[in-house]
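As structure tokens, the structure follows; a few thoughts come after it.
The values are calculated or read from the model by the stated rules, or taken from the named source; none is laboratory data. As the structure is a computational prediction, the values presented were derived from the model and not from experiment. Please note: Cβ atoms are built from the backbone with ideal geometry, for glycine as well, and neighbour counts cover all protein chains shown. What goes into the accessible areas is simple: the full protein's heavy atoms, side chains included, and nothing from ligands, DNA or RNA. Shrake-Rupley method; radii C 1.70, N 1.55, O 1.52, S 1.80 Å.
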Amino acid sequence: MSDQTVLEVEDVRTEFQTARGVVRAVDGVSLSLRAGETLGIVGESGSGKSVLGRTIMGLITTGHTTQVHGSVRIAGQDVHASSPKERRRLWGSEVAMVFQDPMTSLNPVKRVGTHITEALRLHLGLDKKAAAERAIDLLRQVGIPEPARRMSQFPHELSGGMRQRVVIAMALCCDPKLLIADEPTTALDVTVQKQILDLLTSLAESRQMATILISHDLGAVAGRTDRVQVMYAGRVVERSATGEVFEGPRHPYTEGLLASIPRLSDPPHTTLRAIVGSPPNMANPPDGCRFAPRCPYVQDRCRTEQPELLEIGVRRTSHVAACHYPLPDVDTAGDAAPPRAALAEEIS
Amino acid sequence: MAGSGTAHLRPEQAPVLTVDDMVVEFPVGRGQKVHAVSGLSLDLLAGETLGILGESGCGKSTAGRAVMQLPSPTSGRVRLGERELTGLTSRPLRKARSRMQMIMQDPTSSLNPRRKVKDLVTEGLAIWGFEGTKQEKEELVRETLSAVGLDPDVVWDRRPHELSGGQCQRVCIARALMMNPEVLICDEPVSALDVSVQAQILNLLERTKERYDLSMVFIAHDVSVVKNISDRVMVLYLGKTCEVIPSGRIDSDAAHPYTQMLLASIPGAGDRELSDSAAAVELPSPLDPPSGCRFRTRCPLATERCAAEEPELREVRPGQYVACHHPIIEE
Amino acid sequence: MSRRLVLRLGELVAVLLLVSFGVFMMVSLMPGDPAVAVLGEGHTAEEYAAKRTELGLDGNVFARYVEWLGNALTGDLGRSLVPPENDVVGRVLAALPVSVELATMGLLMALLLAIPLAMWSASHEGGLVDRAIGASMFAILSVPSFLGGLLLIAIFANGLGWFPRAQWVRFGDSPLDNLYHAFLPALTIALMELALFTRVLRNDLLVTLHEDYILAARAKGMPPLRILLRDALRPSSFSLVTLLGISLGRLIGSTVIVEYLFALPGMGSLVIKSANQGDFPMVQGAVLLIAAIYVVINAGIDLSYGYLDPRTRRAHA
Ligand SMILES: Nc1ncnc2c1ncn2[C@@H]1O[C@H](COP(=O)(O)OP(=O)(O)OP(=O)(O)O)[C@@H](O)[C@H]1O
Ligand SMILES: Nc1ncnc2c1ncn2[C@@H]1O[C@H](COP(=O)(O)OP(=O)(O)O)[C@@H](O)[C@H]1O
Ligand code: SF4
Ligand code: SF4
Ligand SMILES: [Mg+2]
Ligand SMILES: [Mg+2]
């Protein structure tokens, strides 16, 4: 793994003006990513994962109903300070995105081949023939059988898994340094999800791409990422090495999230430890800690004072959490350890 | 003889719901038809939850709807207790159907957006022929709303778009409960929900089942979810039954290669081996399903026999039935 | 493929038959006595009756329809009742090119304006440009078309003298002159249709622009204009194409106001004049032709969906 920093995000805030008020979809997120490193972002729907991904891409730009604050630098270039033209060059070559639903992220009236060749021709200046050859090669790399024949097919003629492979090929065509995959398997059939995740992981590894894997499925992220970032209501609540987060979550929300997943090893009819309530209205989030209304450990202080994202790690790796009363570390907690360890084994 | 067998049925235990050799086909023109469900048999004992598992397009929803007679199956019999549903005329059918209620995957779109929660939940009473004063009616609605974990005073006058997905699903459950059903058919009721809300709804369904003496058919594609809520799991593939297994043993004892594939596909399933080639092959067209065993085009264990001869469900261990010529059973 | 085409053709023939019957019946039931129309007022009842017999109006309506249809199929639509008793086919064929040209040219001009306006509008959703275009389109919609035509005449013909009014040069005689003379009337038509086209295309484009594949195209670094043209336009054009088919069919028979303003010898004026004179063979012939064109155009539109959306191709294959 090289030390080269590919992505630097500093205090990014993305706000939308809506009829119900200002929605801070992303509220003060900072992170950095090195080449070859994989970051998982998890959280419930509406927690700001997609908006963060799109803000990093620069697909969300300041406009009359949208405000983006803070800075995003990809390979040293500030995305939001760039001109539209520079940004397009960035999109072609430095950063690419895989979207959730391959049904809707391919143009239904365009042939599979065109989706890939047009970017190759625009960014690499290849001629028609060279672009087609390269596209076929890419399709083969993402595991599409009979790539030459697929080139002239329309997206609807392919199955969901094959379509997502095309989307991945499209994203890889100009060798990006950073890949953002926004719920790449959520819309797919259970039997193909794992294959697509495995494909992404192996491509990221062989190409030394920095990768952000966004998902609401903790199982998809566990074991595939170096670090995990848990988001709640637009903010990062916890971030650390993947194993550490799953084995010993320090933030009450992460703990609740892990506990609410039914586990295959549990006997039937095990009562799940659900988190009570539902995520806050983003146009009017609670004061203090945003998780306070649902937190089993809530104290008075939590309702008034917003917790900072602070280093609470006890090992070499960084472990940050935004909680006034973080849960004890597994190793120092004594009795609390065994059930968590069992849980982590199951998840990862 | 083309059926998947009936070895797993338990007529002697007086099931509340029995489905016998049910076939659902959709003509799609030019003499072709989609074989959505082919010879499905199942039964449901009082208080039991039957999980139905399978990937997209394998006929889970179609089977659930055909049990409700929405629409009636192409052939086969559906019995609710002693009552034969197939062949009933529309009025008695409506009455019988109200003893079964269905919960759908997308909670928001299965509620009329223009109606308030109180009306959505009350309307069933009229259909069912509830006789009581207006006050009794309201009391019953409030009680049911509380039972599904909604504060009646808060949601009473709200419309679906003012509720979250989880709350909408609770309204759907309350609405179903108002009909006083015996059987609840849940078609992927938690697939559209977040994990934290999914856990709430799963717990709620479990509690509701106890409190209202329900039997449940629970359709889903997530093995862990199905295992959590069911007593017995039935695995479907292309409209046919692969395996029926007590849910507590699904992860350890599954003997059908397709069940194994589903288990291996769980993203966090660790080292469970997934034959890449098997999963990569696409679901064959339901217009022209493979001969013999329908799973053979993707099955790593397929032999010539599998193409020639359709496997029948047979008991491989007590309570576990498998339709496969070469079940995976370690002695 | 061929099977589908055959089916489509069968459908087409059935619709045309139905339409022809409708046209025949409608015109037969038109108020006014054709005999009076031919002979004029002040004749005896016997004379009128004799004329009716001569015109073949005595028999059963259905028998007359069958005979008329039979003749129509051989290209004979009868003769006009009004002196100089022209051949109906001849008159209709003389008027048709004028209407077709006006309608086509008008629609092309409308499209030429509407597509860029809609694209500009949609890509600045909610912005000043979008609202300004929306408001202007609304203003145009609310101006009655004859006023628009009068305004164009007042400015460009009478005021600036750039274009002639009240004259028609046949395309065959002088193509350039023909286009020159058709410009103002066609522009009047274009303005009539422009607002609706722009509105419909803008709204469809907006929906498309919110699709993930547009986001994906942007994320590939495609330039915005190229995305609009190559990715968004085609999937957004269903409503517009449908509207286009309806407009073209409709305009061929109903450019009356424009024909009147510019004194052009088109189908609209022909039908109105003949109807006023009780010249029923002429009305029947003209309306039949208009209806047939309408039906054929819309069948063509239906087929074009296959080009616009490859998904519908397989659905019927
Ligand atoms: N009305 C219909 N007409 C034609 N084919 C249909 C119809 N309804 C369902 N099918 C087909 O029947 C098969 C089974 O569909 P069904 O909806 O029951 O699947 P499912 O197992 O519920 O899948 P999912 O997990 O996606 O909900 C599919 O091939 C589907 O395309
Ligand atoms: N274009 C937009 N306008 C207004 N609000 C938006 C917009 N896009 C997203 N949001 C809001 O931002 C929040 C985060 O959304 P998102 O990032 O999509 O969540 P997720 O974590 O599920 O990906 C949600 O409350 C959503 O409603
Ligand atoms: S700050 Fe307080 S309310 Fe928030 S997560 Fe920590 S303990 Fe819970
Ligand atoms: S019968 Fe044959 S093809 Fe079918 S599941 Fe068993 S081994 Fe596989
Ligand atoms: Mg999202
Ligand atoms: Mg379904």
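Descriptive notes on the structure:
- Scoring B:Thr208 on the criteria (1) under 30 Å from B:Gly292 (Cβ atoms); (2) part of a helix (DSSP H, G or I); (3) not basic (Lys, Arg) leaves a single failure, condition (1).
- Within the range C:170-186, if we keep just the residues that are open to solvent by less than 30 Å² (accessible area, probe 1.4 Å) and either in contact (Cβ under 8 Å) with a residue 24 or more places away in the chain or among the hydrophobic types (A, V, I, L, M, F, W, C) (or both), the residue that is farthest from C:Leu251 (Cα to Cα) turns out to be C:Asn178.
- One residue from C:Gly75, C:Gly106, C:Gly70 being farther than 27 Å from C:Ser269 by Cβ and either surrounded by fewer than 14 Cβ atoms within 10 Å (Cβ to Cβ) or modelled with pLDDT of 75 or more (or both): C:Gly70
- Pairs are defined by a Cβ separation below 8 Å, a sequence spacing of at least 6 or placement on different chains, a first member in the range C:142-169 that is surrounded by 14 or more Cβ atoms within 10 Å (Cβ to Cβ), and a second member that is charged (D, E, K, R); the pairs so defined are C:Ile153/C:Arg165; C:Ala157/C:Arg165; C:Val169/C:Asp177.
- Top-ranked residue in the range B:144-162 [being open to solvent by 20 Å² or more (accessible area, probe 1.4 Å), under 24 Å from B:Val195 (Cβ atoms) and in a loop (DSSP other than H, G, I, E, B); ranked as nearest to the other protein chains (Cβ to nearest Cβ)]: B:Gly149
- Test: residue in the range A:306-314 that is over 25 Å from the mean Cα position of the chain (by Cα) and touching a residue at least 40 places away in the same chain (Cβ under 8 Å): no
- Among the residues of the range A:43-66, none is identified as of a type in the set (Asp, Glu) and away from ligand 3 (no atom under 16 Å from the Cβ).
- Given (1) within 14 Å of chain A (Cβ to nearest Cβ); (2) within 14 Å of ligand 1 (Cβ to nearest atom), index of the condition B:Ala66 fails: (1)
The rows are residues; the columns are (1) within 16 Å of ligand 4 (Cβ to nearest atom); (2) open to solvent by 30 Å² or more (accessible area, probe 1.4 Å); (3) within 14 Å of chain C (Cβ to nearest Cβ).
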position	(1), (2), (3)
A:Leu7	no, no, no
A:Gly21	no, no, no
A:Ile60	no, no, yes
A:Gly70	no, yes, no
A:Ser93	no, yes, yes
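- For the range C:246-262, the count of residues that are basic (Lys, Arg), part of a helix (DSSP H, G or I) and assigned by TED's automatic domain parsing to the domain that holds C:Ala195 is at least one.
- Among the conditions (1) of a type outside the set (Ser, Thr, Tyr); (2) open to solvent by 40 Å² or more (accessible area, probe 1.4 Å); (3) more than 28 Å from A:Tyr253 (Cα to Cα); (4) out of contact with any helix residue (DSSP H, G or I) (no Cβ under 6 Å at 6 or more places or on another chain), A:Asp217 misses just one, which is (3).
- Filtering the range A:9-19 to residues that are in contact (Cβ under 8 Å) with a residue 40 or more places away in the chain and open to solvent by 10 Å² or more (accessible area, probe 1.4 Å) leaves A:Glu10, A:Asp11, A:Arg13, A:Glu15, A:Phe16, A:Gln17, A:Thr18.
- Members of the range A:110-124 that are out of contact with any Cys (no Cβ under 7 Å at 6 or more places or on another chain) and either open to solvent by 60 Å² or more (accessible area, probe 1.4 Å) or not assigned by TED's automatic domain parsing to the domain that holds A:Thr201 (or both): A:Arg111, A:Arg121, A:Leu122
- Residues of the range B:201-216 satisfying the condition of being open to solvent by less than 10 Å² (accessible area, probe 1.4 Å) and more than 10 Å from chain A (Cβ to nearest Cβ): B:Leu205, B:Thr208, B:Leu214, B:Ser215, B:Met216
- Of residues in the range A:29-58 being small (Gly, Ala, Ser) and open to solvent by less than 30 Å² (accessible area, probe 1.4 Å), the one farthest from ligand 4 (Cβ to nearest atom): A:Gly58
- Filter result for the condition that a residue is more than 21 Å from A:Leu52 (Cβ to Cβ), away from chain B (no Cβ under 12 Å) and away from ligand 2 (no atom under 16 Å from the Cβ), over A:Ile261, A:Ile312: A:Ile312
- In the range B:178-200, of all residues being open to solvent by less than 10 Å² (accessible area, probe 1.4 Å) and over 16 Å from the mean Cα position of the chain (by Cα), the one that is farthest from the other protein chains (Cβ to nearest Cβ) corresponds to B:Met178.
- Of the residues making up the range A:268-286, those that are under 17 Å from A:Gln306 (Cα atoms) and either touching an Asp or Glu at 6+ places or on another chain (Cβ under 9 Å) or buried (at least 20 other Cβ atoms within 10 Å of the Cβ) (or both) are A:Pro279, A:Met282, A:Pro285.
- Restricted to helices (runs of 4 or more DSSP H) entirely inside the range C:67-167, no element has at least 2 residues that are touching a strand residue (DSSP E or B) at 6+ places or on another chain (Cβ under 7 Å).
- Among residues of the range B:283-305 that are under 15 Å from B:Gly57 (Cβ atoms) and open to solvent by less than 60 Å² (accessible area, probe 1.4 Å), those with a Cβ under 7 angstrom from a residue that is of a type in the set (Lys, Arg) and within 16 Å of ligand 1 (Cβ to nearest atom), sequence gap 6+ or separate chain, pair up as B:Arg294/B:Lys240.
- Of all residue pairs spaced 6 or more apart or on separate chains, those with beta-carbon atoms under 7 Å, a first member in the range B:245-257 that is of a type in the set (Val, Ile, Thr) and a second member that is not in a helix (DSSP H, G or I) are B:Ile245/B:Val233; B:Ile245/B:Ala254; B:Ile245/B:Gln320; B:Ile250/B:Val233.
- The set of residues in the range B:57-95 being open to solvent by 60 Å² or more (accessible area, probe 1.4 Å) and either more than 16 Å from ligand 6 (Cβ to nearest atom) or touching a strand residue (DSSP E or B) at 6+ places or on another chain (Cβ under 7 Å) (or both) consists of B:Ser72, B:Thr74, B:Arg77, B:Arg79, B:Glu82, B:Arg83, B:Gly87, B:Thr89, B:Ser90, B:Arg91, B:Arg94, B:Lys95.
- Boolean, A:Gly248 is outside the structural domain of A:Arg13 (by TED's automatic domain parsing), crowded, with 23+ Cβ neighbours inside 10 Å and either of a type in the set (S, T, N, Q) or away from ligand 2 (no atom under 16 Å from the Cβ) (or both): yes
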